[in-house]
Amino acid sequence: MEETLKFIEENKLMGIIRTGTAEDAEVLVKASIDSGLKLLSISMSTPNALKVIEKFKDTAGVMVGAGTVLDGESAQKAINAGARFVMSPYTEKEVITVCKYNRVLCIQGAATPTEAMLAHSLGAQIIKVFPADTVGGPSFIKQLHRPIHFLKLMPSGGVSLDNVLEYLKAGAVAVALGGAIYDRSLIRSDDWGGVKERVRQFVEKLETLKAAK
C-alpha cells in the first residue's frame, strides 16, 4: 500500500478510462502507456473492466487500478483482478473495509471538508475531490489543504492542461484526467493519435513543474 501511494505521489497524472467497450479501453490503455502515462484507472462501468485490469496489471513501470467502485463486492472483484488501488466517486465504508482487509490503497470521493475528513477517518489514503471544478477548482484545494495539510488530495472533474499545474501547486498530490485526454469525439473517430498527443502534452507540462523545483 505504501509503495502504491509513493508511486501515485511521484507520477501525479492518473488517466481515468471509461468507455463503452473493453476493446476501446484496451486501446486507450496502450496509447496512454506508449505516451508516458504510468497511472491508469479503469472504470468499473466499462464492459469487462475486470478483464482489462487483469490484462495490464503486470505491465512494467505502470500501475493500474479500478475506478467507479460503488460497493464492497465490486471492490473485491477488482482487487482479485489485480487492481493496485480502488477508487470511488463518493465515500463508501464497505469499499474502504474491503480495501483494508486486502491491504490495497483506497481513494474515496468527497466534495466538502467534512466529507474529506470522514473519508480519511474511515481509512481512505487519498481523497478524490470531486467534482473539483464545481466545488471551487485549485482555490478550493489550496484552502482545504491549508488547515488540513495531512490530507492527500486528488482533484477530479474539470482538470485541464490549463489548470493542472495550478492544482498541483495548490497542494494536490495527484490529479485525475478524464475528458481532457479521453475526449469522446476522439474515441468515436478512433483517433488514437489524438489521444496520444493529449497524453504527451500533460506529461510535458508535468515535466516543467519538476524542472522548476
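Observations on the model:
- Shape class for the chain, computed from the alpha carbon gyration tensor (a ≥ b ≥ c): oblate, with a/c not under 1.5 and a/b at or below b/c.
- At most 14 other Cβ within 10 Å, DSSP loop - chymotrypsin sites (Phe, Trp or Tyr not before Pro), segment 18-113: TYR90
- Value at 222 nm in deg cm²/dmol, rounded to 500, when DSSP H runs of n ≥ 4 in the chain each add -39,500 (n - 2.57): -14500 deg cm²/dmol
- Using a Förster distance of 41 Å, the FRET efficiency for ALA60-THR114 (Cβ separation, nearest 0.05): 0.50
- Remark: the chain carries a charge dipole of roughly 460 debye about the Cα centre, counting +1 on each Lys and Arg Cβ and -1 on each Asp and Glu Cβ.
- Spacing of the two label points (7 Å from each Cα toward its C-beta) at LYS6 and SER189, in nm: 4.3
- Antiparallel DSSP beta bridges within the chain, as percent of all bridges there, nearest 5: 0
- Binning the C-alpha pair distances of segment 143-213 at 5 Å intervals from 0 yields a P(r) profile of 3, 16, 23, 20, 17, 11, 6, 3, 1, 0 %, listed from the shortest bin outward.
- Backbone N atoms of segment 40-68 closer than 18 Å to the 7 Å Cα→Cβ label point of THR21 belong to residues 43, 45-53.
We did not get these values from a lab; they are worked out from the coordinates using the rules stated. Predicted model, so just to flag it, every value in this text is computed and none were measured. In this analysis, Cβ positions are derived from the backbone assuming ideal geometry, glycine residues included, and neighbour counts consider all displayed protein chains.
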